[in-house]
């Protein structure tokens with residue numbers, strides 16, 4: 001049955017933020033050679049797909065999401081030879097590599113923008129979004145940057161404004177220009193020709209903006225003290241109908257190569273998210289599902305509702321995917337606490353669909369408080385939120401710089417790194433790392449967990465989320481206790497007995513009577529039925 005599925009459906013994805021994974025040259029910043037030295041760890045952990053946040057040449061105004069050359073490696077991270085070696089080493093281990101494609105904007109240092117900015121009649125002027133000032137000389141409309149302030153920057157020499165939905169040093173490309181599309185598709189082909197297995201496409205739902213540049217309307221539900229970026233409904237700056245034509249066109253570039261995957265970063269409600277799978281036209285293989293990191297409350301009832309809603313709205317041929325966090329979201333262990341972090345990992349790795357793990361979450365790493373003088377994230381420096389706390393260095397061991405580097409890292413280390421690290425947890429049979437590794441192994445070993453159907457179970461217990469994963473004759477039951485109190489359940493409706501495969505407490509063994517299932521506080525269990 002597994003042969004009917006693609007690697008990106010059966011695999012476990014692991015996101016690496018390259019600046020923070022492993023420093024090999026003592027500059028305090030992670031790099032590609034450092035990642036190579038840690039591939040054995042990732043193989044041991046059981047992940048088989050690695051997604052790298054941007055490694056392309058960049059002035060680092062937004063730490064790689066401001067690209068100045070899409071076909072060159074940023075020297076901070078190494079050389080093209082280093083990249084080729086990384087790809088070779090991964091493929092030799094049977095692992096896949098995905099890169100981060102940033103098509104919405106470039107760096108203002110990119111040669112395309114330098115030319116575009118040179119004069120109004122430059123051939124590349126229309127490669128970016130330029131507009132005349134408003135009658136009063138101000139910005140063309142009320143569009144706001146995600147990083148705070150107006151999304152328009154005035155350029156005095158040419159007396160026009162350019163659009164930047166993010167940092168001022170990240171001018172937006174004009175995806176209505178066919179030459180822009182052709183150039184960006186050539187970027188994809190460059191990396192596919194090298195053997196890259198796929199891309200996560202940054203802010204893909206923002207590529208097309210309103211052709212009439214109309215003002216965004218106010219958000220009637222925003223409280224008065226909400227940050228400015230939340231006080232608008234981004235009706236004219238995101239999710240435009242024409243974006244689907246662009247994505248379908250981009251998908252054709254992927255499909256021209258054998259077995260490549262396109263994952264789209266899309267923050268939208270489910271009803272709109274599902275349209276990015278495409279209908280008659282193929283679009284992204286996986287529109288990222290951010291429901292769990294965006295949850296306002298971590299309860300069994302709320303999580304069950306989210307999962308059931310997602311499953312019910314998926315198109316017939318749409319493959320699900322789940323994440324708990326990433327480089328833009330607070331770490332889940334900070335959001336739910338260490339006890340429930342184990343429940344969250346069991347949920348992530350037993351739900352139907354492709355799970356994406358964020359580096360360090362397998363240790364239960366938490367957000368790190370960043371002193372004001374150490375803040376470097378542009379959204380933290382100029383906006384109303386910062387992402388540095390979830391981007392701190394990987395905690396490998398108890399040495400002075402956590403085994404990440406031999407010098408002071410670019411961001412501070414967590415206070416608990418001497419006890420919460422790979423070395424401390426690797427041989428600890430009760431650790432979070434041991435739990436994650438066991439869950440990944442179960443996912444690889446059990447067809448039902450890898451590709452089986454999903455069915456939630458009604459339990460009359462508000463603290464419990466229970467569901468079945470079923471493939472052929474194999475049935476696996478997952479029961480999660482979201483409460484800090486013990487729970488007793490009768491699940492005889494799904495069977496009489498089962499064998500315990502794993503508990504979050506990691507002291508699993510023997511047979512289970514389903515009519516008298518007892519869960520300790522904050523405990524989750526995985527049981528094979530029969």
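Summed over region 348-361, the residues that are assigned to a helix (DSSP H, G or I) and in contact with a strand residue (DSSP E or B) (Cβ under 6 Å, 6 or more places away or on another chain) give a count of 3. Restricting 469, 443, 438, 450 to residues that are crowded, with 19+ Cβ neighbours inside 10 Å, within 30 Å of residue 401 (Cβ to Cβ) and under 25 Å from the mean Cα position of the chain (by Cα) narrows the list to 438. Would you call residue 251 assigned to a helix (DSSP H, G or I) and either in contact with a strand residue (DSSP E or B) (Cβ under 7 Å, 6 or more places away or on another chain) or crowded, with 21+ Cβ neighbours inside 10 Å (or both)? Yes, satisfied. Scanning region 254-275 for residues being outside any loop (DSSP other than H, G, I, E, B), closer than 25 Å to residue 49 by Cα and touching a helix residue (DSSP H, G or I) at 6+ places or on another chain (Cβ under 7 Å) gives a total of 4.
Considering (1) more than 23 Å from residue 230 (Cα to Cα); (2) buried (at least 19 other Cβ atoms within 10 Å of the Cβ), the lone condition that residue 378 does not fulfil carries the number (1).
Taken over region 365-394, the residue count meeting the criterion of being over 23 Å from residue 11 (Cβ atoms), in a loop (DSSP other than H, G, I, E, B) and either under 20 Å from the mean Cα position of the chain (by Cα) or not assigned by TED's automatic domain parsing to the domain that holds residue 29 (or both) is 10. Among the candidates 398, 341, the residue that is at negative phi, modelled with pLDDT of 95 or more and not in a helix (DSSP H, G or I) is uniquely 398. Residues that are in contact with a strand residue (DSSP E or B) (Cβ under 8 Å, 6 or more places away or on another chain) and surrounded by fewer than 19 Cβ atoms within 10 Å (Cβ to Cβ) were ranked within region 68-81; the one that is farthest from residue 6 (Cα to Cα) is 75. Taking first residues from region 403-422 that are in the same structural domain as residue 19 (by TED's automatic domain parsing) and closer than 17 Å to residue 19 by Cβ and partners that are modelled with pLDDT of 95 or more and assigned to a helix (DSSP H, G or I), the Cβ contacts under 6 Å between residues at least 6 apart in sequence or on separate chains come to 411/388; 412/374. Taken as a whole, the condition of being in contact with a strand residue (DSSP E or B) (Cβ under 7 Å, 6 or more places away or on another chain), within 15 Å of residue 104 (Cβ to Cβ) and touching a residue at least 60 places away in the same chain (Cβ under 8 Å) does not apply to residue 196. Residues of region 270-289 that are within 25 Å of residue 212 (Cα to Cα) and either in contact (Cβ under 8 Å) with a residue 60 or more places away in the chain or exposed (fewer than 15 other Cβ atoms within 10 Å of the Cβ) (or both): 272, 276.
Here residue 257 does not qualify as surrounded by fewer than 19 Cβ atoms within 10 Å (Cβ to Cβ), over 17 Å from residue 315 (Cβ atoms) and under 19 Å from the mean Cα position of the chain (by Cα). Just checking, how many residues over region 31-48 are part of a loop (DSSP other than H, G, I, E, B) and over 13 Å from residue 12 (Cα atoms)? Adding up the residues that qualify gives 2. Those helices (runs of 4 or more DSSP H) of region 415-530 in which 2 or more residues are in contact with a strand residue (DSSP E or B) (Cβ under 7 Å, 6 or more places away or on another chain) and farther than 27 Å from residue 337 by Cβ occupy 447-451.
The values are calculated or read from the model by the stated rules, or taken from the named source; none is laboratory data. As the structure is a computational prediction, the values presented were derived from the model and not from experiment. Quick reminder, even Gly has a Cβ in these numbers, built from the backbone with ideal geometry, and neighbours come from all protein chains shown.
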